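Here the structure comes first, spelled out in structure tokens, and everything after it is commentary.
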Amino acid sequence: MNILKILTLLLFVMISLEANGEILVFKADNTKGQITPKTIENVMKKAGYKVESNRDMNKPFKIQFQKSSFDTYNLLIAYYPAIAQELTIKYPDSGVFNPFSVGIYQKKGTKEIFVSVLSAKGMSKIVGAGDELFKKLEEINKKTFLSALPNAKIVKPSYNSKETKEKLLTKFEFEVDPEEADDIIEEIEMVIENGLKPIGFIKANFNDYGIDLDDAKNEDYIFYHVYSLCKLKVIYNVSIKHPEAGSFAPCSMAIYQKEGSDKMTIVFPNVHNWISVMGLEDKSIIDILLKAQADIEKLIKSAIE
């Protein structure tokens, strides 16, 4: 084999290893059925995570769509307090991962269970910063999930992600007098919460992350709230071909205002992450995602006007 062929082969291998570097997928034999979403949750709690929610999605799938292709499909959301606090203090928008999402799934009639979560590369790409801290989180995630799934291995998705020119964070910033921030946020959140159901979204979780910051004696923020939002039609349709989409759902939306600032911020990872990372090409699926994006943006705009 000449040197050119060797270099070409090495380049191909490097590209293959980098493909889908934004998602980590753990695969384990579950023939005996001993690994469940609950056993995974318990391992995470023992490892120091705060598990906010661990939802069985099969029941709502079957109720709304009369079928499911899974024996198990759970969406778990959690965060690792020590790293989350450091990230949030340095990079305010990183609160969109307080909590982050974990997909737990087992296809109907199969013996293998999977866990999917965004990698350090995926998280830092969305926030645009925090590489080293996200790498620390990734190492903890790997150690934890490999412990929760005995004899598991990390597998690479069988498709390539695709580049996008779209911004990966949707962000609203608007002026609010710090003295009025507490009253204004109540009004905004009331409009958002009341408007979710009519557009097909549910509030999967609410995390008053300001409590964590107070416990850490941090006074950088007037408030810091994180909503985890989910639209069943989105995750159901995408998960049929891409069950690892649980890495993106529920999507956490951070709402915060820093002390001394006259700017309130609402920020969340948008659907272009789904389209780009999973290399989605199906127009009907992309249309569902873009409709969800447009609906939630319209709701937020109505709340802050």
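Bear in mind that the values in this text are calculations on the coordinates, not laboratory data. Predicted model only: the values in this text are computed from it and were never measured. Using ideal geometry, Cβ is built from the backbone for each residue, glycine included, and neighbour counts are taken over all protein chains shown.
Residue by residue through the range 286-300, what is 3J(HN,Hα) from phi via Karplus (6.51 cos²θ - 1.76 cosθ + 1.60, θ = phi - 60°)? Round to whole Hz and write x for glycine and proline.
Whole-Hz 3J(HN,Hα) from phi for the range 286-300: 4, 4, 4, 5, 5, 5, 4, 4, 4, 5, 6, 5, 4, 5, 5.
Note down the net charge around ASP215, summing +1 for each Lys or Arg and -1 for each Asp or Glu among other residues with Cβ under 15 Å from its Cβ.
In short, -4.
Calculate one ³J(HN,Hα) per residue across the range 220-230 by plugging θ = phi - 60° into the Karplus curve 6.51 cos²θ - 1.76 cosθ + 1.60, and present them in order as whole Hz with x for glycine and proline.
6, 10, 5, 7, 8, 10, 10, 9, 9, 10, 9
Note down the nm distance, to one decimal, between modelled labels 7 Å out along Cα→Cβ at SER147 and at ASP220.
2.7 nm
Which order, highest average first, do 162-175, 115-128 follow once you tally other Cβ atoms within 10 Å for each residue and take the mean per peptide?
Those peptides, ordered most packed to least, come out 115-128, 162-175.
Hey, what do the phi angles of the range 40-49 turn into as Karplus ³J(HN,Hα) couplings, whole Hz, using 6.51/-1.76/1.60 and θ = phi - 60°, x for Gly and Pro?
5, 4, 5, 5, 4, 4, 5, 7, x, 7
So how far apart, in nm, are the two label points at ASP287 and GLU166 if each is 7 Å from Cα heading toward Cβ?
In this crude label model, ASP287 to GLU166 measures out at 1.5 nm.
Rounded to the nearest 500 deg cm²/dmol, what is the calculated helix-only ellipticity per residue at 222 nm for the chain, with -39500 (n - 2.57) per DSSP H run of length n ≥ 4?
Per the formula, -13000 deg cm²/dmol.
What percent do you get for the relative contact order of the chain when only Cα pairs under 8 Å and 6+ apart count?
So the answer I get is 22 percent.
Can you tell me which of 53-66, 253-266 comes out highest on packing, and rank the rest after it, using the mean Cβ neighbours within 10 Å?
Descending mean neighbour count gives 253-266, 53-66.
Set the Förster radius R0 to 45 Å, insert the Cβ-Cβ distance between LYS90 and THR31 as r into 1/(1 + (r/R0)^6), and round the FRET efficiency to 0.05.
In this case the efficiency is close to 0.55.
When ranked by the protection proxy of mean other Cβ atoms within 10 Å per residue, highest first, what sequence do the peptides 236-243, 148-155 form?
My ranking of the peptides, most packed first, is 236-243, 148-155.
Taking amide H atoms as placed 1.01 Å from N in the peptide plane, list the residues 5 or more away in sequence, or in a different chain, whose amide H sits under 5 Å from that of THR72.
For THR72, whose amide H was placed from the backbone, the distant partners under 5 Å are GLN106.
Going by amide H atoms built from the backbone, whose H comes under 5 Å of the H on ASN30, apart from near neighbours?
GLU112, ILE113
Hey, how many Å between the Cα centroid of the range 37-89 and the Cα centroid of the range 120-178?
Spelled out, the Cα-based centre of one part sits 16 Å from the other.
As an exercise, use a Förster radius of 35 Å and the Cβ-Cβ distance of ILE63 and LYS263 to find the FRET efficiency, rounded to the nearest 0.05.
For R0 = 35 Å, the calculated efficiency reads 0.25.
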